[in-house]
Amino acid sequence: MTYKKIIAAAFLAFIMPHSAVTESFNATVVAGHPGVFRWVKMIDEAFVPSVNSTLAGSQHSFTFSGQYGGAIAKVGDELETVEAGLAEIGICQSLFDPAKLAVQNVTYYTPFVSDDPRTVSELMDKLHRADPRMTKAYDENGVIYLGAPVGIDDYLLMTKFPVENLSDLNGKKIAAPGPAINWLSGTGAVGVSGNLTTYYNELKTGVYDGVIVFASAALPGKLYEVAPYVTQVGLGAQYAGALCANVDWYNNLPEQARSALHTGADAARDWYLSALEDAVETSFNVMGENGATITVASEGMRVAWATGMDNAAKTWAEGLDAKGLPGSEVLSLYMNAMRNAGAVPLRDWDRE
C-alpha cells in the first residue's frame, strides 16, 4: 500500500460514524426452577427476543445464556448469585428469599384482597418503579430491579372431602406454602408447611387432607386426582419475584442497552400475564373434565374465614419496623394502592 493510500485509509477510519462500531455484551441469566415453569419460560420466550429486537440495527447487542433448574443458582439463591457477579441477571424470588426481600412479601400477608394476578402484578411493578421503599432491598443487596413481576394466580383450596362451610375444615390437616400457612389461623384446620414438589404424594398417602394451591400449578401437578374437591375461596393473587441485574454490570452498560433490558422486562411481564390467564382458564376446564368438583365458596364462608384470621399482616409489618425496615409503611402503601385500583378487600389489614 502506498503512503497516500495509507493516509486515505486512516482518514476514512477517523471520519466513519461511531455508530458503525458495535459492542456486544454477555449476560448469564439464572433461575432455580427449570425452564418448564412459566416464570422461567418468559425469559427465552419474551425477554430475550424483545431485548434483541429493541437493539436491532444499533451499535449494541446482547448474548444471553440461560442457566436454569439450579445449574448455577438454586431456588431462593438467585439474588445472591447475581449480587456476587456469578450471573448478570436472575429471577429474584422474594417468596423464597424473605430475609433479603422482606417487604416484597407484603401480598402473602394480605389475603382476600384481589383474585386478579394482573392487577396485583402490574401494581407491584408500578410501586417498585415509583417508590424507593420498594427497591431499597435491591439496592442494599447489589442488584437492580428490571421488572417482569412474577404473579401467582388466585390461591384456592383443594381437598379430599367436600367443603361447604368453614366448619368442614375443623381438625383437617391442610398444607400451605411459606407465609400462606398464616391463612389457616382461625379456620379450625391444622396448618402444615408444604410445597408443590410433595403435595401429590402426601395427599395420596394421607399426610394431608388438603392443600392451599393455585390452579395453574394444580393442573400440571395432577392434584385433582388426589384432592378432587376444588373450592375457590378468593384467598388472593400474589407477587413472588421479578427479574434483577447485577448493579455494577448494569451501571457499566450504555444507556441504550440498559433501556433495552427494561423494555424486555416489560415484554416478559405482558407475555407472562397473558400466558398465566390462559393457563388458569385451561386448568379449571381440564380439572373439571377429569372429575374434579369445582365450587365457589359462599360470601358468608369467605367473610367468616377472613374475619376469623389472626392479623398476620400487622404482626409481620411491626416485626419489620423493629428491624428498621418500612413494614407498616409498605403495608399501608400496598393496601391503599390496591383499594385505589378498585380492589375491595374483605379485611383492611392495615387499618386495624
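The values are calculated or read from the model by the stated rules, or taken from the named source; none is laboratory data. Model, not experiment: these values are computed from the prediction. Glycine gets a Cβ as well: all are built from the backbone with ideal geometry, and neighbour counts include every protein chain shown. Heads up: the accessible areas ignore ligands, DNA and RNA and are worked out on the full protein's heavy atoms, side chains in. Shrake-Rupley method; radii C 1.70, N 1.55, O 1.52, S 1.80 Å.
Among the trypsin sites (Lys or Arg not before Pro) within the stretch 314-352, which fall in a DSSP loop and have no more than 12 other Cβ atoms within 10 Å of their own Cβ?
Numbers: sites: 314, 323, 339, 347, 351; in loops: 323, 347.
Qualifying residues, ordered by number: 323.
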Practice prompt. Please work out how much accessible surface residue 33 shows to a 1.4 Å probe, ignoring ligands, DNA and RNA, in Å² rounded to 10.
Written response: 30 Å²
Worksheet item: Cα atoms only, the stretch 197-267: Rg and Dmax in Å?
Response: 20.0, 57
Worksheet item: Counting other Cβ atoms within 10 Å of each Cβ, which chymotrypsin sites (Phe, Trp or Tyr not before Pro) in the stretch 151-216 have at most 10 and sit in a DSSP loop?
Response: none
Discussion item. Counting just the Cα atoms, what span does the stretch 250-352 cover along each of its three principal axes? Round to the nearest Å and put the largest first.
Written reply: 56, 46, 24
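Quick one: of the DSSP bridges fully inside the chain, what percent are antiparallel, nearest 5? All intermediate terms of the calculation are to be shown ahead of the outcome.
Working: 20 of 40 bridges.
Antiparallel: roughly 50 percent of the beta bridges in the chain.
Can you compute the equivalent ellipsoid semi-axes for the stretch 27-130, i.e. the square root of 5 times each eigenvalue of the Cα gyration tensor, sorted largest first and rounded to whole Å? Write out the running numbers ahead of the final one.
Values: eigenvalues 131, 68, 34 Å².
Listed largest to smallest, the semi-axes of the stretch 27-130 are 26, 18, 13 Å.
Taking all protein chains together and a probe of 1.4 Å, list 94, 58, 24 from the most accessible to the least accessible. Please report the intermediate quantities before stating the final value.
Details: 94 0, 58 30, 24 70 Å².
The residues order as 24, 58, 94, largest area first.
Leaving ligands and nucleic acids out of the surface, order 114, 61 by accessible area at 1.4 Å, largest first. Present the calculation step by step, with values, prior to reporting the outcome.
Working: 114 20, 61 50 Å².
Most to least solvent-accessible, the answer reads 61, 114.
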Worksheet entry | Carbon + sulfur, % of accessible area of the chain - ligands and nucleic acids excluded, 1.4 Å | 52 percent
Response to the item:
So residue 285 and residue 129, fully extended at 0.36 nm per residue minus their Cα-Cα distance, gain in nm 52.5 nm
Worksheet, complete the sentence: So the FRET efficiency between residue 323 and residue 198, C-beta based with R0 = 41 Å and rounded to 0.05, is 0.85
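At 0.36 nm per residue, minus the direct Cα-Cα distance, what do residue 99 and residue 299 gain on full extension? Give it in nm, one decimal, please.
Values: separation 200, 0.36 × 200 = 72.00 nm, distance 3.52 nm.
Residue separation times 0.36 nm, minus the Cα-Cα distance, leaves 68.5 nm.
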Item to complete: Enumerate the amide H contacts of residue 146 below 5 Å, restricted to partners 5 or more residues apart or on another chain; note that Pro and chain-start residues carry no placed amide H.
Response: 243, 244, 245
Response to the item:
With a Förster distance of 30 angstrom and the Cβ-Cβ distance between residue 348 and residue 190, calculated FRET efficiency to the nearest 0.05 equals 0.60
Item to complete: Keeping all protein chains in position, work out how much accessible area residue 81 exposes to a 1.4 Å probe, and write it in Å² to the nearest 10.
Response: 10 Å²
Worksheet item: Per-residue accessible area for residue 72 at 1.4 Å probe radius, Å² rounded to 10?
Response: 80 Å²
Practice prompt. Work out from phi, with θ = phi - 60° and the Karplus expression 6.51 cos²θ - 1.76 cosθ + 1.60, the ³J(HN,Hα) of each residue of the stretch 78-90, listed in order in whole Hz, and give x for Gly and Pro.
Written response: 4, 4, 4, 5, 5, 4, 6, x, 6, 8, 8, 9, x
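Only bridges with both residues in the stretch 144-274 count here: give the DSSP antiparallel percent, nearest 5. Each step should come with its number before you reach the end.
Values: 15 of 21 bridges.
Here the share of antiparallel DSSP bridges comes out near 70 percent.
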Worksheet, complete the sentence: From the Cα centre of the stretch 39-91 to that of the stretch 251-325, the distance in Å is 22 Å
Response to the item:
Residue-normalised value, i.e. accessible area per residue, for the chain at 1.4 Å probe, in Å², stands at 43 Å²
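Could you please put 125, 278 in sequence from largest to smallest accessible area, using a 1.4 Å probe? Could the numbers behind the result be given before it?
Values: 125 5, 278 95 Å².
Largest to smallest exposure gives the sequence 278, 125.
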